[in-house]
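Here, each number is a calculation from the coordinates, and none is a lab measurement. Quick caveat: nothing in here was measured; it's all calculated off a predicted structure. FYI the Cβ positions are ideal-geometry reconstructions off the backbone, even for glycines, and counts take in every protein chain you see.
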């Protein structure tokens, strides 16, 4: 592709599409995968997010590029999740499949129980856990991204922690 | 379990799940196609205009159903309350002392200048409180209460009636008010 789209026309962010893709596309893809549990759908979401970035040329604040990308990705995931309720009911939730490094194949079963447990949380809990613990956003930033009160973010985090603790203890006992 | 390890664990669990060049190529291709598709579709003002008109019509019908758009005659109002917003004073309706009142005026009815009758009416309104409704509408009706210290406080008479998170209801307040001033 010789013609690279310019996405900085109306944005205060100085990052180009290439730079944004390089820096954040994998995070968008993995968060979407956590949410949907399906690689193809996660790739579709990542595609939609970056196409939207190119087409809409949104105002991106310096340093808030990833927040925008993940916010759009989570909105898209939520739409897909809602629209695919029949699939979920009929087919059940797809399992969390690992994509380990070549030298780690065969040693993944126990080591990734936390990631798997997170993937099985309800969407509203999964979102805050992923943004807080995986992506390192603050409660205030998450509140802004998800358009919910900071108190709601904190209580969801707390409830998610409880659920994960129960889930993982149950696994240990078995 | 340490959730703080989630980043590290994810890096390991999803090591092979990366946004590669083929996905980037797909994105650029899709972006290149998107404007052409949009142009083909074009902008058709007629359906948009029809949709807007239909929504406006539905809103008008719905609002008219909830509350008639024609002004309600004061005498026909079934409930009464004062307050919600205050103008020209920080006084609140519930804290006005009946003994301080010099006059009360309802904009569409007239002015009651008997302190005794004013006190009776105010006392009645202050006692009849109900949980507040979520919404209120101004209807250009005001209750103006003048007190002995020379101040006047203007309370909008709203539907449903609102003040300090409580409502005041009086089925025939307007009639009572009218009778009180001999109209």
Per-residue average of other protein chain Cβ atoms inside 10 Å, peptide B:45-58 -> 0
Can you work out the FRET efficiency for the pair residue A:155 and residue B:48, with r the C-beta to C-beta distance and R0 = 45 Å, to the nearest 0.05? 0.60
Could you work out, residue by residue across A:39-51, how many beta carbons of other chains sit within 10 Å of that residue's beta carbon, and then give the average as an integer? 4
Peptide ranges B:45-53, B:107-115 listed from the most packed, as the mean C-beta count within 10 angstrom indicates: B:107-115, B:45-53
Separation of the residue B:55 and residue A:144 label points, Cα + 7 Å toward Cβ, nm: 2.9
Two-site FRET efficiency, residue A:168 against residue B:22, from Cβ-Cβ distance with R₀ of 30 Å, rounded to 0.05: 0.25
Go through B:117-125, A:61-69 and give me the packing order, highest mean Cβ count within 10 Å leading. B:117-125, A:61-69
